[in-house]
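Reading through the structure tokens given below for one structure.
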Amino acid sequence: MTPVNNSQIDSLSHHPAAPDRCDILIIGGGPAGSTAAIMLAEKGYHVVVLEKAHHPRFHIGESLLPANLPLFERLGVAEKVRAIGMEKWGAEFVSHWDGRRQEFQFANAWDKSLPMAYQVRRSEFDEILIRRAAEQGAQVIEGCRVQDVEFLDDERIRVHAVHDDGRTQTWETSQLIDASGRDTFLGNRLQTKRRNKKHNSAALYAHFTGARRDCGKRAGNISIYWFDHGWLWFIPLADGTTSIGAVVWPHYFKTRVGSVRDFFLSTIALCPPLAERLSAATLASEVEATGNFSYACDRSYGKNFLMIGDAFAFIDPVFSSGVMLAMNSGMAAAETVDVCRTSPGCEMSALKRFDKVMRHGPKQFSWFIYRVTNPTMRELFLGPRNVLRMEEALLSVLAGDIFGRTPIWTSLRLLKGLYYVISFANLGRTIRAMRNRAVNIRTEPERLTSG
């Protein structure tokens, strides 16, 4: 393993105050950081969590996966999540060109014990997790932004932060976990963050009230709409609010004229099935926009640090994988840190296992993400067949069941083989789709701001 070069880290001015000390310091109190904090505090470590915001705070990414549910049980938050969540029994994919739609029910996945998930307000959900970390003994400090780190010669790390009131504070720790989300604190400091050139996209999103929902058990389903410039989501929340978002190509952003709000509303209008569901709805929040959507860091760990959740990688959210991957990485980080501290001889093997976990999730989802707007993939989603259990395997991916022992991999390989066969059989269409995608992702997305 290549050691961290101190010259990679911005040097700091002299900090005279004696630093506080802890066993593990975690940057960020989102699902990844809070999960790691809960697990490590349970083991008796002195854990400090530095969160730049104050919970509850707004965050996008409200749709959870069935694979989250066992993690909630393990962390002791299942009842509280159930209390704020809207039951999500499936996902619907809709083609606006021909009106076709296909519903997938999680109960039909390979593992029948994971039949549902939840839609949640992230402000409430994230607060449940960070408060649980504090209950378990982690020292949670909100309104405290990490400004810099120093990697010391004795393999300890000095972390410098500033509070909302301007006070500065320094900690020394033997292990740093970067769960800073899209801030990618260490990725930026170490210059290891790389934009994903295979899937350059950006997102616009907001909350609505009064959207038309489905009835009964389908009321909480997420709906995904394909349209000419990417895809859109429809996520119903328990309080009657609906989260609407558009993930679109950079080329399309070049057409923007006027405010982000007007651009977002005009984008929705381009997808008639979704626009119809929102015909009587009212915009209930500011429209937010995020560019340079997908990225990954070259490395997930060092001798005394780990990167987890979005601090390591972020992929297109079409399959609602973000919270599941974040929490799973938090669990993996906690296990890895514990092994490194209690079994020094196993340190390198533990770090390599951690890196494998961190790369596995984005890799498995990304194969589908890169192709989800391709006409061949649309055909497979809109007309699924369970030949050789291929549909069950696909549903297991949609449910997030990719880290356990569910034997989906042979059927997934067959599904991918079928994709290539259909693509080759429709070679002209495939080539046109590839060229169109290359044009759409080529242009650097403009920096968008709310307004």
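Numbers below:
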quantity: Near pairs, Cβ below 6 angstrom, 6+ apart or cross-chain, from segment 316-345 (among the hydroxyl-bearing types (S, T, Y)) to any residue that is crowded, with 24+ Cβ neighbours inside 10 Å and modelled with pLDDT under 95; calculated: none
quantity: Hits in segment 141-160 - residues which are outside any strand (DSSP E or B) and open to solvent by 10 Å² or more (accessible area, probe 1.4 Å); calculated: L152, D153, D154, E155, R156
quantity: Boolean, T242 is part of a helix (DSSP H, G or I) and open to solvent by less than 60 Å² (accessible area, probe 1.4 Å); calculated: no
quantity: Unmet requirement for A138, which otherwise passes all of (1) surrounded by fewer than 22 Cβ atoms within 10 Å (Cβ to Cβ); (2) over 21 Å from the mean Cα position of the chain (by Cα); calculated: (1)
quantity: Among the residues listed as W233, W249, the single one being open to solvent by 10 Å² or more (accessible area, probe 1.4 Å), within 24 Å of the chain's Cα centre (by Cα), within 18 Å of G61 (Cβ to Cβ) and not charged (D, E, K, R); calculated: W233
quantity: Residue match in segment 301-317 (condition: surrounded by fewer than 20 Cβ atoms within 10 Å (Cβ to Cβ) and more than 19 Å from F185 (Cβ to Cβ)); calculated: no
quantity: Whichever residue in segment 369-424 is part of a helix (DSSP H, G or I) and of a type in the set (F, W, Y) and, among such residues, is most open to solvent (accessible area, probe 1.4 Å); calculated: F424
quantity: Residue match in segment 432-439 (condition: modelled with pLDDT of 95 or more and either closer than 17 Å to F93 by Cα or part of a helix (DSSP H, G or I) (or both)); calculated: no
quantity: Selection from segment 218-230 of residues that are part of a loop (DSSP other than H, G, I, E, B) and open to solvent by 20 Å² or more (accessible area, probe 1.4 Å); calculated: D228, H229
quantity: Residues of segment 72-118 classified as open to solvent by less than 60 Å² (accessible area, probe 1.4 Å), part of a strand (DSSP E or B) and farther than 21 Å from P273 by Cα, total; calculated: 3
quantity: Q191 in contact (Cβ under 8 Å) with a residue 12 or more places away in the chain and not in a strand (DSSP E or B); calculated: yes
quantity: Pairs, first open to solvent by 20 Å² or more (accessible area, probe 1.4 Å) in segment 161-187, second among the β-branched types (V, I, T) and modelled with pLDDT under 95, C-beta under 9 Å, six or more apart; calculated: R182/T290
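A quick yes/no check of all residues on (1) in a loop (DSSP other than H, G, I, E, B); (2) modelled with pLDDT of 95 or more; (3) buried (at least 16 other Cβ atoms within 10 Å of the Cβ):
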{"position": "I268", "(1), (2), (3)": "no, yes, yes"}
{"position": "L274", "(1), (2), (3)": "no, yes, yes"}
{"position": "A280", "(1), (2), (3)": "yes, yes, no"}
{"position": "S285", "(1), (2), (3)": "yes, yes, no"}
{"position": "F293", "(1), (2), (3)": "yes, no, yes"}
{"position": "R299", "(1), (2), (3)": "yes, yes, yes"}
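The values are calculated or read from the model by the stated rules, or taken from the named source; none is laboratory data. What you see is a predicted model, and the numbers here were worked out from it, not measured in a lab. Quick reminder, even Gly has a Cβ in these numbers, built from the backbone with ideal geometry, and neighbours come from all protein chains shown. The area values use the complete protein model at the heavy-atom level, side chains included, leaving out ligands, DNA and RNA. Shrake-Rupley method; radii C 1.70, N 1.55, O 1.52, S 1.80 Å.
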